[in-house]
Amino acid sequence: MQTSSAVNGANYLTYQGKYKGLLGWIFSTDHKRIGLLYMYSIATMFATGLLLGLAMKFELLAPGKTIMEAQTYNATFTVHGVIMIFMVVVPGLPAVFGNLMLPLMIGAKDVAFPKLNLLSWWLYVTGVFLVLAALLFGPGAPDTGWTFYAPYSFKTGTNLLPAVFGAFVLGFSSILTGLNFLVTIHRLRCPGLKWTKLPLFVWTLYGTAWIQLLATPVVGITLVLVALERVFGVGIFDPALGGDPILYQHLFWIYSHPAVYIMILPAMGAISEIIPTFAQKHIFGYKAIIASTMAIAFVGYLVWGHHMFTAGMSGTAQYYFSLLTFIVAIPSAIKVFNWISTLYKGAINVQTPFYWAISFIFVFMVGGLSGLVLGALATDVHVHDTAFVVGHFHYIVFGGTGFAFFAAMHYWFPKIFGRMYDKSWANIGWLVFTIGFLALYTPMFYLGIMGMPRRYYDYLEEFHGGNILSTFGSWVLATGFVIIVVNLIRSARKGEPAEKNPWHSKTLEWTVSSPPPVLNFDEEPVIGENDGPYNYK
Amino acid sequence: MEHAHHVEHPDMYDEESSKIGMWLFIFTELLLFGALFVVYAVYRYMNPDAFHLAAEELNRMIGAINTIILLISSMTIAMSTTALRKGHRKLAIALVSITFLIGLAFLVNKYFEWGVKFSHGIWPGSEHMLNEMSQGEILFFGLYFVMTGLHALHIIIGMAIMVFAIRGLINGKVQIDRPSLLDNCGLYWHLVDLIWIFLFPLFYLIH
Ligand code: HEM
Ligand SMILES: [Cu+2]
């Protein structure tokens, strides 16, 4: 049964190549090792961002100053935002599970450009250190918000330059990963694996890669312009010199709206693997999911204006952006219907990844529906820049990408580490985390509607109740996170050895031993006419 | 471990992949400059007179020379890929080297051109600009320096790739049946050329 490389004991975790020890990891071009490097780096950054979030929530426990001054609060939400967006959710699923699983899922030995892949990780790390340098050196941490809006971004006295440059480098890393995946999917599918037989996770990586490629350069050059503005005063965004700060916002959101689809598409892809596996049923509407993926990828470019309804734009433009925002919600809704329909009459095997997937669908729906409140012109004017927005994007970005990340983690864990985690602790972790999440962010909708602004370290007494609940939620969520992580780390080292295919899935990565051999497949797999990623009897 | 050797490096060389990869990368470069062209279009539309006035300052002669230079260099690099295809490795090396030198000539020209601007007190944030120029002119020169500067940076990158290509040609990593590096070097250089073909009229010629 076992593959030959597993017999002589070398899987991708244990083999030794040119270098020993740590060097064998940070210089490895093996896509699986790179995936793990990303996993550890991103987990570290997530924990950092989480601590900053906890600090902010602690500050908001009571009106007035609790633990930090206004300026510290400004720096905290800025750095929290930069870390969570550029270092966690944007690379998130593609860099970790894309790297680990994409070649396995398409029956390839590696990605198309393994060295470039390693370079991407190095760039990621460089970007991280650049941003951290902004915190440790110079005249104080950046305080502009993660959006770096002009003109404040070149007027502030804080150390913005390394942060902006770091974000640029992170963008470059993201572009290279996208490019690599596109070529991989085009060129390296194994014989018989037609486009219409690709697992949906692969399809969403494909859509994501296009967005990474087409949107990121625009924000890259925009950040360069901000840097040049700061250093040389070229005037492009500086109203004092004739420039237009609103133009900055346009250029920023032309990337940053599509970026939310970089975050969410692969999440949807992971969910589309998990749902059919645990329902033991063919995914409902395979082609509809592909079509909606590509629709999201392209319509997603045309809606950026909804971030600027109150910033000054013509009525015509507002109507247009609002309408398109409603239209782009449709493909997401289609996916939700597909997942639910897949479950219908399935023989559902309720396991940890399934809990995560189901809760993903719930928080994703709440996030999406609250997004429509922001996409509608009249209501957006009311809740713009309030806690409602914070509730919305945490539901969709953290709820969406975060929950899917944990779902994927618990789904592919036995494949990645060759061991099974303790299922009851995993379930407890999920439960605590989810309760914390709901308690943390749900009050923000209410607070926002009542008028509590975002990005303030202080608030009026009337908002106290909701904030207490929210802060309490942040503690529960952090507890859940610790339970999950401890359980996974313990299990990766001491868990029961896992079977090849513990969930009885049909995709290719489950046909190799766990953990996979160094070169993935001993023989190149061939997909027959009747095989398919979701062909459960 | 004895099989560690063949394990480390599955040789993934695939000409088609390299080509697709390069085209995709070129796509991102176009978007990078594309955003700048949009900014240029917006500000030109808002300040037509000032842009006209400021463009008078630029030296069309140098611009034209640089345009011709780059067009020739595109030809030499294209010739080098053909030479390699026909198996004339030495010729290919010579042609890439010539292209490299032409790139250098472009940069020298650029250096003098910018130098003249500086000596007239024109650079972003200079006293002269802030006190005596209209906002439209400031924007024009701001864009001029950013866009030609970024383009010059691309010239340098292109030349760096040429160094790698030459090295590959010398040590055999780039061969008649492994031409990707040189091909991609050429593609990239054409891109750099093409961007200039747009920059030249936008800054120097349009009135
Ligand atoms: C992947 C997960 C997360 C992502 C992507 C994320 C993203 C963001 C972003 C982009 C901002 C806006 C920053 C700005 O205004 O410039 C923000 C603000 C904030 N986040 Fe998070 N976040 C995540 C997790 C968390 C967690 C775990 C907590 C709490 C424990 C948290 C609490 C907050 C708070 C309190 C604010 C500031 C609200 C304000 O005063 O405006 N976030 N987050
Ligand atoms: Cu948006």
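Taken together, the values in this text are just the output of simple stated rules run on the coordinates, not laboratory data. Predicted model, so just to flag it, every value in this text is computed and none were measured. Positions of Cβ are generated from backbone atoms using ideal geometry, with glycine treated the same way; all protein chains shown enter the neighbour counts.
Per-structure values
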read-out: Residue selected from segment A:114-144 under the condition under 20 Å from the mean Cα position of the chain (by Cα) and small (Gly, Ala, Ser), by the criterion farthest from the other protein chains (Cβ to nearest Cβ); value: A:127
read-out: Test: residue in segment A:256-267 that is over 22 Å from residue A:101 (Cβ atoms) and more than 16 Å from ligand 1 (Cβ to nearest atom); value: no
read-out: Residues satisfying the stated conditions in segment A:472-523, i.e. under 17 Å from residue A:417 (Cα atoms) and charged (D, E, K, R); value: A:490, A:493, A:494, A:496, A:499, A:500, A:509
read-out: Wholly enclosed helices (runs of 4 or more DSSP H) of segment A:149-239 bearing at least 2 residues farther than 24 Å from residue A:263 by Cα and within 8 Å of another protein chain (Cβ to nearest Cβ); value: A:200-232
read-out: Hey, residue A:302 over 24 Å from residue A:195 (Cα atoms), within 16 Å of ligand 2 (Cβ to nearest atom), away from every other protein chain (no Cβ under 14 Å) and among the aliphatic types (A, V, I, L, M) or not; value: yes
read-out: Residue within segment A:133-144 that is within 14 Å of ligand 1 (Cβ to nearest atom), part of a loop (DSSP other than H, G, I, E, B) and within 18 Å of residue A:259 (Cβ to Cβ) present; value: yes
read-out: Scan of segment A:294-318 for residues that are assigned to a loop (DSSP other than H, G, I, E, B), surrounded by 16 or more Cβ atoms within 10 Å (Cβ to Cβ) and either within 16 Å of ligand 1 (Cβ to nearest atom) or among the polar types (S, T, N, Q) (or both), ordered by number; value: A:308
read-out: Among residues of segment A:268-293, those that are part of a helix (DSSP H, G or I) and either within 14 Å of ligand 1 (Cβ to nearest atom) or of a type outside the set (Phe, Trp, Tyr) (or both), counted; value: 18
read-out: Residues satisfying the stated conditions in segment A:42-85, i.e. outside any helix (DSSP H, G or I) and hydrophobic (A, V, I, L, M, F, W, C); value: A:60, A:61, A:62, A:67, A:68
read-out: The listed residue being surrounded by fewer than 18 Cβ atoms within 10 Å (Cβ to Cβ) and more than 22 Å from residue B:68 (Cα to Cα), out of B:119, B:126, B:97; value: B:119
read-out: Tabulated pairs, segment B:109-137, first within 14 Å of another protein chain (Cβ to nearest Cβ), second of a type in the set (S, T, N, Q) and crowded, with 18+ Cβ neighbours inside 10 Å, C-beta under 9 angstrom, 6+ apart or interchain; value: B:114/B:148; B:118/B:126; B:134/B:47; B:135/B:47; B:136/B:47; B:137/B:47
read-out: Residue among A:255, A:206 that is within 16 Å of ligand 2 (Cβ to nearest atom) and aromatic (Phe, Trp, Tyr); value: A:255
read-out: Residues being surrounded by fewer than 14 Cβ atoms within 10 Å (Cβ to Cβ) and either within 17 Å of residue A:101 (Cα to Cα) or within 29 Å of the chain's Cα centre (by Cα) (or both) - total across segment A:498-531; value: 3
read-out: Segment A:240-252, residues that are more than 9 Å from chain B (Cβ to nearest Cβ) and either crowded, with 23+ Cβ neighbours inside 10 Å or under 20 Å from residue A:161 (Cβ atoms) (or both); value: A:245, A:248, A:249, A:252
